[in-house]
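Asks: Please read through the structure below; I'll follow up with questions.
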Amino acid sequence: MQSTRAAPVIEFRDVSYQVAETHVLLNLTLQVQSGEILALLGRSGSGKTTTLKLVNRLVSPTSGEVLVNGVPNLNTDITRLRRSVGYVIQEVGLFPHFTVARNIGLVPNIEGWPEPRIRARVEELLQMVGLAPELASRYPHQLSGGQRQRVGVARALAADPQILLMDEPFGALDPLTRDELQREFLSLQRKLRKTVVFVTHDLREAMRLGSRIALMEAGKLVTILSPDEFLRSSDPWAAAYVKAFGDRLESIATEGKS
Amino acid sequence: MNFFRFILQNRSQVLELTAEHLWLVGLSTLFATLIGIPLGIVIVHWPRLNKPVLAGANIIQTVPSLALFGFLLPVPWLGDRADRLAILALTLYALLPIIRNTYTGIRGVDPAVLEAGRGMGLTESQLLLRVELPLAVSVILSGVRTAVVISVGLATIAAAIGAGGLGEFIFRGLAMVDNRVILAGAVPAALLALLADVGVGWLERRLQPR
């Protein structure tokens, strides 16, 4: 576990987000350290996706502030901010009229990289996410769900962002593909050491991928624990999760962590 | 057979009126496209304008064409030349399908694609030009197609105010109670409509995203 003294890459300071009279998020204070995977765990409507979107300003807080690398993200140019933060969503959202190569190379292209550099980067990324180079010229509808999400991850990594935001990226995949992608993502992360915030409602996934698990309920942060601590926690919400997901969680918690 | 002989005998006039017809339809469709697509884009991004704009275009559609031509006749600069006036009226009629299809086409783009695009740091204009419009293009063009086909038919009525076009034959034929003359206007007009339909349809398929 990282030293908590190091400057956090992402920091939420007393952040609330309100729509009309409803508090989607209430007084969230949270730090994400460099190179860790923070799993935001909670059920639908707990505010975990909103938390994620506050980082790249797809949502702006009603009060409080979000700091990215020590700078309030409201002070950063929104386009610069978003291009420096990779974003992966469950629906993937690949551009259906672009080939895989153009999907992955879009941000580098907009950033004005020379064509050969983009091509080399696309090739490198395809290999990184375990896709054959021939797929570069395919269109999204010609890919399987797993391949599409691999492209989604590659696209998010294109401009080599320090931060990666992932909103249930493996949630729509069949169990075998999900398992495969989770495993590959962990080994990729060991190489890349991105700072990752990962939204999931699946405790197994949170245990497997997360360096720490932030449990959210009804717009509030309940607790942040390491996977091991989570298993033994006496917190009633955490215990409820452990109970709901049953046994064999211990083996997941210890598997594949560096 | 009489009809064909009539057309052959008057082929220079048939060609001339067809050319006039194309001029009226072509120019009005061009204007309607240049106005309609931006308006469609505007009402997607400012939903508050959605209702008034679509209602306006709808109301224009409900005005009978002959009446609209008549209403515009006394307008100063416009009334000076009948073709000007006809082009304006046809432009107004063509607006609705183009605005509506632009709106529908852009609204039909998968929200996940837009969210991913925004999250990646595309600006709103990059999103519009690189994602929304290319994905909506076939729906927009099918609106243009509808507009052209309607215009070809409506333009025949422009002859009533002296704007020319194939309607001349139709009105003359009606006055003379001569079917050959009516058909000499109606048949080429129908062919024009078909041709325009096929042409824009072809363009629509060419530009269709995968």
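Asks: Residues that are under 27 Å from A:GLN127 (Cα atoms) and either touching a residue at least 40 places away in the same chain (Cβ under 8 Å) or not aliphatic (A, V, I, L, M) (or both): find the helices (runs of 4 or more DSSP H) completely inside segment A:171-237 holding 3 or more of those.
Replies: A:175-192, A:203-209
Asks: When you go through B:VAL144, B:VAL131 one by one, which is the residue that is assigned to a helix (DSSP H, G or I), of a type outside the set (Lys, Arg), closer than 30 Å to A:PRO96 by Cα and within 14 Å of another protein chain (Cβ to nearest Cβ)?
Replies: B:VAL131
Asks: With A:LEU81, A:LEU135, A:LEU106, A:LEU54 as the choices, which residue is within 14 Å of chain B (Cβ to nearest Cβ), part of a helix (DSSP H, G or I) and surrounded by fewer than 20 Cβ atoms within 10 Å (Cβ to Cβ)?
Replies: A:LEU81
Asks: Now, a different point. Only one of (1) over 25 Å from A:LEU203 (Cα atoms); (2) in contact with a strand residue (DSSP E or B) (Cβ under 8 Å, 6 or more places away or on another chain) fails for A:ALA101. Which number is that?
Replies: Result: A:ALA101 passes all but (2).
Asks: Kindly indicate whether A:GLY93 is more than 7 Å from chain B (Cβ to nearest Cβ), small (Gly, Ala, Ser) and in contact with a helix residue (DSSP H, G or I) (Cβ under 6 Å, 6 or more places away or on another chain).
Replies: no
Here is a yes/no grid of residues against (1) buried (at least 21 other Cβ atoms within 10 Å of the Cβ); (2) within 27 Å of A:VAL129 (Cβ to Cβ):
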{"site": "A:PHE12", "(1), (2)": "yes, no"}
{"site": "A:VAL15", "(1), (2)": "yes, no"}
{"site": "A:LEU26", "(1), (2)": "no, no"}
{"site": "A:GLY35", "(1), (2)": "no, yes"}
{"site": "A:ARG43", "(1), (2)": "no, no"}
{"site": "A:SER46", "(1), (2)": "yes, no"}
{"site": "A:SER63", "(1), (2)": "no, no"}
{"site": "A:LEU67", "(1), (2)": "no, no"}
{"site": "A:VAL88", "(1), (2)": "yes, yes"}
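Asks: Can you pull out every residue in segment A:109-123 that is away from every other protein chain (no Cβ under 11 Å) and surrounded by 14 or more Cβ atoms within 10 Å (Cβ to Cβ)?
Replies: Correct list: A:TRP113, A:ILE118, A:ARG119, A:ARG121, A:VAL122, A:GLU123.
Asks: A further question follows. Select from segment A:138-189 the residues that are among the acidic types (Asp, Glu) and within 14 Å of chain B (Cβ to nearest Cβ) and write down the one among them that is farthest from the chain's Cα centre (by Cα).
Replies: A:ASP160
Where a number appears in this text, it was derived from the coordinates with a stated rule and is not lab data. Since we're looking at a predicted model, the values are computed, not measured. We place every Cβ from the backbone using ideal geometry, glycine too, and count neighbours over all the protein chains shown.
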